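Colleague: The structure's right below; bear with me while I get my questions together.
The values are calculated or read from the model by the stated rules, or taken from the named source; none is laboratory data. Being a predicted model, the structure only gives us computed values, none of them experimental. Cβ placement follows ideal geometry from the backbone for every residue including glycine, while neighbour counts extend to all protein chains displayed.
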Amino acid sequence: MIAVFISNIWPSNILSATVESSSWGFSSLVPGLRSGGYLKGSMASTDVSLKRRPFGQTSRPDAWWAQPLLVFLGLSAFIVYSTWAAFQGEHYRFGPYLSPFYSPELFGTAHSWFGAKPGFWPGWLPWSPALLILWAPGGFRLTCYYYRGAYYKAFWADPPSCTVGEARKHYRGERSFPLIVQNIHRYFLYLALLFLVVLSYDVWEALWFTEAGQTSFGIGVGTIVLALNVVFLGGYTFSCHSLRHLVGGRLDQVSKVPICQRAYFCASYLNRRHMMWAWTSLFWVAFSDIYVRLCAMGIWFDWRIF
Amino acid sequence: MKKATFRIWRGDARGGDFVDYTTEVSEGMVVLDAVHQIQAEQATDLACRWNCKAGKCGSCSAEVNGMPRLMCMTRLNTLPLENPVTIEPMKAFPIIKDLITDVSWNYEVKKRIKKFKPRPPDAPDGTWRMAQEDIDRVQEFRKCIECYLCQDVCHVLREHNLHAEFIGPRFLVYAAALEMHPLDTEDRLKELKDAQGIGYCNITKCCTKVCPESITITDNAIIPLKERVVGEFYDPLTRLFRIFRPRASSEQQ
């Protein structure tokens with residue numbers, strides 16, 4: 001076995017490399033190489049060992065930081081607003097409208113599924129119906145393949161952007177705890193599908209307005225806001241990579257199961273715009289809450305179309 | 001004629017530095033044309049690997065202004081020529097000389113991936129029958145020209161130096177092409193999870209961005225493989241389901 005050590009070849013010590021060669025005679029092709037390398041791991045007889053670059057170092061002249069910064073600001077704004085809104089515990093209903101942050105309302109007002117505030121709720125924790133449910137859609141987004149790639153860059157700088165030096169020396173990826181838990185994504189998908197059913201029912205409810213004791217069919221701006229919320233959340237959920245796998249991607253001969261083939265085709269079509277669905281639905285679900293909240297607070301007026 | 005400056009890394013295993021070359025550029029030129037012009041006029045010892053000049057051989061991979069690209073497919077009118085254009089060798093592999101790196105680690109990795117193992121022939125004449133829809137999915141992966149730009153841009157390799165534990169996007173695409181093939185009967189999921197380190201990929205999609213063949217590496221190859229690994233090793237419901245219904249003939253053949 002021939003050990004080859006390559007070092008000190010990069011300006012500012014950006015890169016050094018070690019090559020372990022067994023049978024292919026690499027060192028004879030490279031003049032000036034000296035022995036003394038080391039073998040690391042067992043993936044292949046060739047070992048490549050490169051020196052890491054300092055955090056943020058890159059040869060890219062473009063604004064590589066712009067996209068992760070936008071993602072950071074966008075996701076941070078959503079997290080701050082949704083956390084604030086979830087802890088409010090009021091102004092989440094207006095007429096037939098229910099904020100998606102509070103749907104399904106398991107416990108809370110007279111409209112809730114199971115009655116008032118549950119007895120098991122700890123006294124030290126502020127009560128809000130949203131806290132009972134938001135973990136599910138939150139977990140769906142947190143473990144989403146698109147968001148993972150986005151927030152690994154924007155929040156962890158791992159990497160900050162493509163070909164930009166990283167801060168961390170050690171990297172475990174999604175192989176071990178805690179990030180191995182990301183593999184739970186498909187279970188959050190199952191819950192997200194249930195939420196879609198509930199939110200669709202909320203749209204149905206938003207079509208029936210009660211005035212002076214009389215309930216009548218109608219459409220308000222809020223109805224359209226909630227309906228669009230279901231459309232965008234549906235686009236996001238049905239374009240999910242896990243769903244795409246489950247409905248047909250897991251099959252090597254998907255053509256043998258026509259319904260799976262059709263579903264796989266549809267999921268793949270939506271999946272090409274998964275990032276767009278992710279951001280559109282994120283924005284709109286927050287806007288839906290804002291709309292209902294401001295109407296309930298009397299700041300905005302809900303215009304009835306008919 | 002308009003002139004542009006190219007800041008090219010010159011050196012070998014012992015060391016090196018960037019050297020500025022100013023040369024004339026004209027309409028339609030690509031980075032490789034400029035490198036050849038510099039090679040012919042100013043630096044006859046400049047080492048540069050190339051072959052087809054058509055984006056099909058994958059030889060002229062380098063980093064142009066910090067991003068992995070094929071030099072023959074990078075037109076100068078897409079670059080800001082008012083500043084020097086930086087041309088460097090790929091950073092995920094050991095340097096040989098100037099713009100040439102030793103990519104043989106990739107050949108070693110490829111040997112470790114289980115080969116294509118078709119089911120018995122469908123017809124007495126020794127032929128198989130496949131549906132076009134089934135083969136379409138893996139056809140995309142066959143476009144790969146093995147330029148290794150995706151390997152170069154992958155931070156698991158270039159920043160974290162995990163060549164010993166992670167096979168990189170190129171070979172996840174290769175494994176996906178085999179694993180999803182309608183005729184293949186081999187099971188590569190255990191190796192993908194353990195020895196080949198698919199869990200190291202954190203889906204930053206840099207590989208997809210730099211692929212000169214526009215292969216949707218992350219969405220169509222890596223994530224589907226990750227999902228298969230999840231189904232095989234991390235999903236208790238799927239495992240429970242398999243107790244009562246063993247893997248169907250159309251799954252993972």
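Colleague: Could you pull out the residue among B:HIS160, B:HIS181 that is in a loop (DSSP other than H, G, I, E, B), more than 14 Å from the chain's Cα centre (by Cα), at pLDDT 95 or above and within 12 Å of chain A (Cβ to nearest Cβ)? Give the steps one after another, and end with the answer.
Modeller: On the way: B:HIS160 fails: at pLDDT 95 or above.
Within the list B:HIS160, B:HIS181, the selection yields B:HIS181.
Colleague: Okay, moving on. Exactly one of (1) surrounded by 21 or more Cβ atoms within 10 Å (Cβ to Cβ); (2) farther than 30 Å from A:PRO61 by Cβ is unmet by B:TRP105. Its number?
Modeller: (2)
Colleague: In the list A:ALA116, A:ALA136, which residue meets the criterion of being modelled with pLDDT of 95 or more and either not hydroxyl-bearing (Ser, Thr, Tyr) or not in a loop (DSSP other than H, G, I, E, B) (or both)? Before the answer, list the steps.
Modeller: Numbers: A:ALA116 fails: modelled with pLDDT of 95 or more.
Only one candidate passes the filter, namely A:ALA136.
Colleague: Restricting to region A:166-203, and then to whatever is outside any helix (DSSP H, G or I) and acidic (Asp, Glu), can you tell me which residue is nearest to A:VAL247 (Cα to Cα)?
Modeller: A:GLU174
Colleague: So which of A:LEU228, A:LEU191 ends up being more than 14 Å from chain B (Cβ to nearest Cβ) and of a type outside the set (Asp, Glu)?
Modeller: Within the list A:LEU228, A:LEU191, the selection yields A:LEU228.
Colleague: Separate question: Starting from region B:69-88, keep only residues that are farther than 20 Å from B:GLN151 by Cβ, then list their pairs with residues that are exposed (fewer than 13 other Cβ atoms within 10 Å of the Cβ) whose Cβ atoms are within a distance under 8 Å, requiring at least 6 positions of separation or different chains.
Modeller: Every condition considered, the pairs that remain are B:ARG75/B:GLY28; B:ASN77/B:GLU27; B:LEU81/B:LYS2; B:PRO84/B:ASP20.
Colleague: Which count do you get for residues in region A:151-165 that are modelled with pLDDT under 95 and not in a loop (DSSP other than H, G, I, E, B)?
Modeller: Residues that pass the stated criteria total 0.
Colleague: Across region A:96-115, what is the number of residues that are of a type in the set (Gly, Ala, Ser) and closer than 12 Å to A:TYR291 by Cβ?
Modeller: Here is the first cut: in region A:96-115, the ones of a type in the set (Gly, Ala, Ser) are A:99, A:103, A:108, A:110, A:112, A:115.
Applying the additional criterion that residues be closer than 12 Å to A:TYR291 by Cβ yields A:99.
Matching residues across region A:96-115 total 1.
Colleague: Can you report the number of residues in region B:220-241 which are in contact (Cβ under 8 Å) with a residue 12 or more places away in the chain, crowded, with 20+ Cβ neighbours inside 10 Å and either outside the structural domain of B:HIS181 (by TED's automatic domain parsing) or acidic (Asp, Glu) (or both)?
Modeller: Residues flagged as in contact (Cβ under 8 Å) with a residue 12 or more places away in the chain, crowded, with 20+ Cβ neighbours inside 10 Å and either outside the structural domain of B:HIS181 (by TED's automatic domain parsing) or acidic (Asp, Glu) (or both) within region B:220-241 amount to 0.
Colleague: Go through region A:91-113 and count every residue that is in a loop (DSSP other than H, G, I, E, B) and either touching a residue at least 60 places away in the same chain (Cβ under 8 Å) or of a type in the set (Val, Ile, Thr) (or both).
Modeller: Selection size over region A:91-113: 8.
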